[in-house]
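Student: Provided herewith is a single structure, encoded as structure tokens, for subsequent inquiry.
Please treat every number below as a calculation from the coordinates, not as lab data. Since the structure is predicted, the reported quantities are computational estimates derived from the model, not experimental observations. In this analysis, Cβ positions are derived from the backbone assuming ideal geometry, glycine residues included, and neighbour counts consider all displayed protein chains.
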Amino acid sequence: MLARLPIVIGLVMVVDIATLSNVVSQDKPALDYGFYKTHVEPIFLKKRVGHTRCVVCHAESNNAFRLEKLTPGSTSWTEEQSRRNFATVSLLVNPGELATSRLLIQPLAPEAGGHVYHSGGRQFASKNDEDWKALVKWINGAK
């Protein structure tokens, strides 16, 4: 009986390593800068009924969602600023993993599955909001 025990343990380890290999090799979608710039970044500048624009609170903020400050009189970011915003915002999402992407969950109403706290209010009342859907597309690798 003791002679068989090491063989069983060895087989279990082989299965675990094979399973781990499959999990690690799964490709996550890449975040596309072009899609971000044309479909996601404009959301941060958009005035939503009953809310202020994201950029108002998040330009040069001291939290993880820190957007570049707009140049006075400008209505959009420069290419360099957009690239910095992309880098910052990319850290707030887990490509292909919507439930753990803070950019989606933080501003979504709790009744729709969002986070309980967001001092900027509920930017998205439901997952049916077109802007929320644009964020989902980007996180899922849309180009």
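Student: For region 77-117, which chymotrypsin sites (Phe, Trp or Tyr not before Pro) pass both filters: DSSP loop (anything but H, G, I, E, B) and at most 14 other C-beta atoms within 10 Å?
Tutor: For chymotrypsin sites (Phe, Trp or Tyr not before Pro) across region 77-117 that sit outside H, G, I, E and B with at most 14 neighbouring Cβ atoms in 10 Å, the list reads Tyr117.
Student: Picking from Leu135, Ala112, Leu91, whose Cα lies most toward the positive end of the charge dipole for region 61-143 (charges on Cβ: Lys, Arg +1; Asp, Glu -1)?
Tutor: It is Leu91.
Student: Then there's this: How large is the Rg to Rh ratio of region 35-85 when both quantities use alpha carbon positions and Rh follows Kirkwood?
Tutor: Over the Cα atoms of region 35-85, Rg/Rh equals 0.93.
Student: Report relative contact order for region 89-132 in percent, whole number only (criteria: Cα-Cα under 8 Å, sequence separation at least 6).
Tutor: Relative contact order here is 26 percent.
Student: Residue-wise, which Karplus ³J(HN,Hα) couplings in Hz belong to region 40-53, taking 6.51 cos²θ - 1.76 cosθ + 1.60, θ = phi - 60°, and x for glycine or proline?
Tutor: 9, 4, x, 4, 6, 9, 7, 7, 9, 3, x, 9, 8, 5
Student: So, one more: As an exercise, identify the GluC sites (Glu not before Pro) in region 50-132 lying in DSSP coil whose Cβ has no more than 10 other Cβ atoms within 10 Å.
Tutor: Sparse-neighbourhood loop GluC sites (Glu not before Pro): Glu60.
Student: While we're here: Taking the Cα centre of region 87-143 as origin and charging only Cβ (+1 Lys, Arg; -1 Asp, Glu), how large is the dipole, in debye to the nearest 20?
Tutor: With Lys and Arg at +1 and Asp and Glu at -1, about 120 debye.
Student: Between Ala59 and residues 5 or more places away or on another chain, which pairs have amide H atoms under 5 Å apart, with H built 1.01 Å from N, and which residues are they?
Tutor: The answer is Leu67.
Student: Treating only the Cβ atoms of Lys and Arg (+1) and Asp and Glu (-1) as charged, compute the dipole magnitude of region 49-101 about its Cα centre; round to the nearest 20 debye.
Tutor: 100
Student: What's the local net charge at Arg66, with K and R +1, D and E -1, over the other residues with C-beta under 12 Å away?
Tutor: Residues close to Arg66 contribute a combined charge of 0.
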